[in-house]
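Colleague: The structure that follows is given in the form of structure tokens.
Since every read-out is calculated from the coordinates, none of them should be taken as a lab result. Everything quoted here is computed from the prediction, not taken from an experiment. Positions of Cβ are generated from backbone atoms using ideal geometry, with glycine treated the same way; all protein chains shown enter the neighbour counts.
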Amino acid sequence: MQLTTALNQILGQVEKLNHNDSLNLNDRVVKSIYHDAEIMARQVVHQVEKPGIDWDKTLDDILTSRLWGFPTMLLLLSVVFWITITGANYPSQVLATVLFWGQDRLMDLFNYWHAPFWLSGFLIEGVYRGLAWVISVMLPPMAIFFPLFTILEDMGYLPRIAFNLDRFFKMAHACGKQALTMCMGFGCNAAGVVSCRIIDSPRERLIAMLTNNFVPCNGRFPTLIALASLLVMGTAAWWGASLFVVAIIIVGIVVTLLVSWLLSRTLLQGVPSSFTLELPPYRKPQIGRIIVRSIFDRTLFVLRRAICVAAPAGGLTWILANIHVGGTSLLAHAATSLNPFGQLMGMDGFILMAFILGLPANEIVLPILIMSYLAGGTMIELDSLKALHQLFFVEHNWTWVTAISVMLFSLLHYPCGTTLLTIWKESGSWKWTVLAALIPLAIGCIVCTVFAQTAYLFGLM
């Protein structure tokens, strides 16, 4: 009876509300429902014994508070990335050593068979080397990061992140459910696009699909982690690498909110809908389930997809590097033509070529870049992060500006082919699919150009 009366009172005031107040009508209805439910519960529920500590409420007072919610989230992410970075260094080195030892043995075998240069080069220096770098660079970080991330997910922490971000999406005139689809994007942007189905408004669903790419997916995390590790190479402060990755994630969230706000004011104008999120209780992580989901459903799934794409991409990269026109390889011609744009954005033509060839999957951008540099004549053995630092920062004159520009462009550039195909299927329109590629590309180019030119202007090289 009390609930009906409260609702009638609110609904009776609707005609008196102005436009801005009416946007909060659903929030007021939900608040009234929970308020009256609490009153009725206190009237009929009696506890004989003194209740113990409500750990769910105690944790939520910290994890979802306006003061401590975001610092706690950033601290947890920093710890996860610190464990990932420090734990992946040695396994990556061991894997690289073993796999490139296998490359040498395969080359010996092909030489024994007197195989032609083009066959051994295509299969070993192209296909095999690309696969070796995908496995050695990606597998150890994924094998550590995904179980840790799945623990947070299994405990029920991800809905708390969505709760913290809800008011910011409302300020951006987008649906609060976009916070949930964004969290899904951390695993896979294509999955994040599919999860946009939970948003009822077609306008807000499109906003969520067009901006889901601005959070790094599991295909980009290994690249971001590797580059962040190179930035702190030579120091003992490996925690600094985790801070770089967390900073990149924050940039992605900020860009998501800004682009959502811009789209809601231009191409996709409209009134934001309300979103009510009921937080699930915290759960004890199920270790067996976590192992299965993180290793089989995520790590091996992503690795298998990367291998399927890296094999032909590695072969194509070798072909482009070994077909010469006018004494220069096709790869070098393309990189040279792109070099002015790359330098403007703090990078070079080979880096831009790696992103272009890496369109099918974000996982292969770094391996393609390594192969492109190696095809240019570098003869070092890449069996550790130290050797990778030598290749990038010494052989090809990278600076910290270059590394951060690559990280920013990796975060902000167009989605992978799988995600674009998913956007086309979900939106049913090539127009929105093309915009889903062009909007991030334009933003990535602008952000990298502003960052690099500002650094050059102030001499922060």
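Colleague: What number comes out for the charge environment of Gly270, summing +1 per Lys or Arg and -1 per Asp or Glu over other residues with Cβ under 12 Å away?
Modeller: That sum, taken over residues with Cβ under 12 Å, equals +2.
Colleague: Counting other beta carbons within 10 Å of each Cβ, put Leu420, Leu258 in order, fewest first.
Modeller: Working: Leu420 20, Leu258 14.
Ordered from fewest to most neighbouring Cβ atoms within 10 Å, Leu420, Leu258 come out as Leu258, Leu420.
Colleague: Just add up the charged neighbours of Ser195: K/R +1, D/E -1, any other residue whose Cβ is under 15 Å from the Cβ of Ser195.
Modeller: On the way: positive: Lys177, Arg197, Arg205, Lys425; negative: Glu153, Asp200, Glu204, Glu426.
Residues near Ser195 contribute 0 overall.
Colleague: In addition: How far is helix 400-412 tilted off the main Cα axis of the chain, in degrees rounded to 10, range 0 to 90?
Modeller: Taking the Cα atoms of the chain, the angle to 400-412 is about 60 degrees.
Colleague: Another question about this same structure. Run the helix sum for the chain: -39,500 (n - 2.57) per DSSP H stretch of 4+ residues, divided by residue count, reported at 222 nm to the nearest 500 deg cm²/dmol.
Modeller: Numbers: 22 runs with 315 residues, N = 461.
Calculated from helices alone, the mean residue ellipticity at 222 nm is -22000 deg cm²/dmol.
Colleague: Right, something else. Helix 221-231 against the longest principal axis of the chain: what's the angle in degrees, Cα atoms only, rounded to the nearest 10?
Modeller: Approximately 70 degrees, to the nearest ten.
Colleague: Then there's this: Roughly speaking, what is the centre-to-centre gap between segment 34-48 and segment 297-312 when only Cα atoms are used, to the nearest Å?
Modeller: If you average the Cα positions of each part, the centres end up 53 Å apart.
Colleague: Which of the peptides 128-136, 34-42 is most tightly packed, and how do the rest follow, judged by the mean count of other Cβ atoms within 10 Å per residue?
Modeller: Values: 128-136: 23.2, 34-42: 11.7.
Result, highest mean first: 128-136, 34-42.
Colleague: In what sequence do Arg167, Arg283, Arg220 fall when counting other Cβ within 10 Å, fewest first? Numbers along the way, then the final one.
Modeller: Working: Arg167 12, Arg283 9, Arg220 23.
Lowest to highest Cβ neighbour count: Arg283, Arg167, Arg220.
Colleague: Of the labelled options [x] 4, 21, 33, 28, 12, 2, 0; [y] 4, 18, 27, 24, 14, 7, 4, 2, 0, 0; [z] 4, 12, 15, 14, 13, 11, 8, 7, 6, 4, 3, 2, 1, 0, 0, which one gives P(r) over Cα pairs in 10 Å bins from 0, in percent as computed for this structure?
Modeller: [y]
Colleague: Given charges of +1 on the Cβ of Lys and Arg and -1 on the Cβ of Asp and Glu, with all other atoms neutral, how large is the dipole of the chain about its Cα centre, in debye to the nearest 20? Walk me through the numbers on the way to the answer.
Modeller: Values: 28 positive and 26 negative charges, 125 e Å.
Result for the chain is approximately 600 debye, rounded to the nearest 20.
Colleague: Report, in degrees rounded to the nearest 10, the 0 to 90 angle that the Cα long axis of helix 202-211 makes with the longest principal axis of the chain.
Modeller: 40 degrees
Colleague: Right, next: Could you give each residue of segment 330-340 its phi-based ³J(HN,Hα) in whole Hz, using Karplus coefficients 6.51, -1.76, 1.60 with θ = phi - 60°, and x for Gly or Pro?
Modeller: Along segment 330-340, the couplings run 4, 5, 5, 4, 5, 5, 5, 5, 8, 4, x Hz.
Colleague: Counting other beta carbons within 10 Å of each residue's own, what order do Leu300, Leu320 fall into, fewest first?
Modeller: Numbers: Leu300 15, Leu320 21.
Ordered from fewest to most neighbouring Cβ atoms within 10 Å, Leu300, Leu320 come out as Leu300, Leu320.
Colleague: Return the subset of Lys57/Lys284; Lys31/Lys170; Lys177/Lys425; Lys31/Lys177 for which the Cα-Cα distance in this structure is over 24 Å, preserving the input order.
Modeller: Values: Lys57/Lys284 16 Å; Lys31/Lys170 17 Å; Lys177/Lys425 20 Å; Lys31/Lys177 18 Å.
Beyond 24 Å between Cα atoms: no listed pair.
Colleague: If you don't mind, there's one more thing I want to ask. Of the peptides 200-209, 149-158, how do they stack up when ordered by the mean number of other Cβ atoms within 10 Å, highest first? Present the calculation step by step, with values, prior to reporting the outcome.
Modeller: Numbers: 200-209: 21.9, 149-158: 18.4.
Highest-to-lowest ranking by the protection proxy: 200-209, 149-158.
Colleague: When the Kirkwood hydrodynamic radius is evaluated over all pairs of different C-alpha atoms of segment 165-264, what value in angstrom, to one decimal, is obtained? Mind showing how you got there, number by number?
Modeller: On the way: mean 1/r = 0.0709 Å⁻¹.
Averaging 1/r across every pair of different Cα atoms and inverting gives 14.1 Å.
Colleague: Less than 13 Å Cβ to Cβ from Pro141, Lys/Arg counted +1 and Asp/Glu -1: what total charge do the surrounding residues give? Walk me through the numbers on the way to the answer.
Modeller: Values: positive: Arg220, Arg298; negative: Glu363.
Within the 13 Å Cβ shell, the charges total +1.
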